[in-house]
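Just so it is clear, none of the values below were taken in a lab; they were calculated from the coordinates. Since the structure is predicted, the reported quantities are computational estimates derived from the model, not experimental observations. Virtual Cβ from ideal backbone geometry, glycine too; neighbours counted across all protein chains shown.
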Amino acid sequence: MNQKAHITSGILLASAAMIAEIPPLTASLIVFGGMFNDLDCAEVLFSGRFHRKLFHNIFFIGFFLALSTKYAPLMYWALGMSLHNVMDLFSGAPVYLFWPVSYKENHFGVGGWGVPNDSFLSFPVGVAIAVAVSGGYLAVTGYLGEALLLLRNLWEFLLP
């Protein structure tokens, strides 16, 4: 997915977390965690060799989950990173979820099933995934009804 889709999805999921009464600063970690994954494509640091490998794998996300046992808000950072990966699975290139575990001499990549990053569909597909994940988060936390009521009130306010 493109960067606009990742930023928007992070904001949507952070909004869902705030509806579920997570403090705004903690919920904002979802946005920053969701952007962190793409630092592995930085030409200055890694010359692009590790994109969708170094910071996209489940072991790196697991590292943040392990740290969240000592500092609980880091769970939301890991949640943002996970949403980023789910969105990337539906983009045009594979994500190396199990890197550095090798499959022969190449690294096993998952995904690459859908929309190229430069496609006009990248943003709407990314937002649709984020809405689905956010709805799931609200359902699991028991706040889906409250969120739907909020959306209904917003709709009635905007279109009386």
Output ordering of 78-91, 131-144, 20-33 (per-residue mean of other Cβ within 10 Å, highest first) is 78-91, 20-33, 131-144
For Val115, other-chain or 5+-apart residues with amide H closer than 5 Å (H placed, Pro excluded) are Ser91, Gly92
